[in-house]
Amino acid sequence: DAASVDRLASTAFDEFGGVHLLCNNAGVFSGGFVWERTVADWDWVMGVNFYGIVHAIRSFVPRMLEQGDAGHIVNTASMGGLITNAYSGPYYASKFAAVGVTECLAHERRVRVAMRLHVDCRWHDTGVLAPRPPPREFVGSVPIHPGAGEDLVAIALARQHDDGRAERQARQCDRRQN
């Protein structure tokens with residue numbers, strides 16, 4: 001719930017003096033026909049998969065901007081934010097919403113250039129599906145490719161220390177993407 005995420009943000013800022021990397025990664029699933037899912041099913045899935053991200057954005061981002069340092073936000077949406085399938089309406093709706101709010105936040109970050117934003121839509125390369133990668137303009141200079149989540153975190157952490165590791169990691173991502 002919003003209050004517990006706000007307490008988490010307060011604790012993180014109090015204990016560590018700031019937050020420079022925010023990773024939002026949670027997901028629950030309720031399967032079956034869309035019309036047979038209860039309101040409780042929809043509330044639960046949207047509450048975790050979508051509102052978890054919204055609560056984190058509302059609790060952390062203003063404080064991250066206020067601290068004045070560069071920050072990174074990684075929202076994990078899964079492939080469910082890019083494709084759909086049967087028997088998974090609440091899940092896919094919540095993941096599309098997660099991608100949508102992430103893209104909106106990316107547009108808004110242009111007002112505050114110190115914030116970088118990444119969306120990670122994981123999938124396993126079976127060759128069956130060709131996912132739509134997030135538009136490059138939404139991720140700054142960090143290359144995005146399927147399964148890039150660990151790379152993004154490594155790049156963000158390395159950039160905090162500015163010791164050259166970030167650029168080496170970004171080049172490795174580019175090589176794997178090509």
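Output the residues belonging to the stretch 1-52 that are over 23 Å from the mean Cα position of the chain (by Cα), open to solvent by 70 Å² or more (accessible area, probe 1.4 Å) and in contact (Cβ under 8 Å) with a residue 12 or more places away in the chain.
Answer for the stretch 1-52, where residues must be over 23 Å from the mean Cα position of the chain (by Cα), open to solvent by 70 Å² or more (accessible area, probe 1.4 Å) and in contact (Cβ under 8 Å) with a residue 12 or more places away in the chain: Phe33, Val34.
Going by what's in this entry, would His145 be described as open to solvent by less than 60 Å² (accessible area, probe 1.4 Å), modelled with pLDDT of 50 or more and not in a helix (DSSP H, G or I)? Before you say what the answer is, go through the steps one by one.
Working: open to solvent by less than 60 Å² (accessible area, probe 1.4 Å): yes; modelled with pLDDT of 50 or more: no; not in a helix (DSSP H, G or I): yes.
No; evaluated as a whole, the condition is false for this residue.
Which residue, of His72, His55, is in contact with a helix residue (DSSP H, G or I) (Cβ under 7 Å, 6 or more places away or on another chain) and part of a helix (DSSP H, G or I)? Explain how you work it out, then say what you get.
On the way: His72 fails: part of a helix (DSSP H, G or I).
Being in contact with a helix residue (DSSP H, G or I) (Cβ under 7 Å, 6 or more places away or on another chain) and part of a helix (DSSP H, G or I) holds for just one of His72, His55, which is His55.
The values are calculated or read from the model by the stated rules, or taken from the named source; none is laboratory data. Note that the structure is a prediction, hence the values are computed from the model and not measured. Note that we place each Cβ from the backbone using ideal geometry, even for glycine, and neighbour counts take in every protein chain shown. Heavy atoms of the whole protein, side chains included, go into the accessibility calculation; ligands, DNA and RNA do not. Shrake-Rupley method; radii C 1.70, N 1.55, O 1.52, S 1.80 Å.
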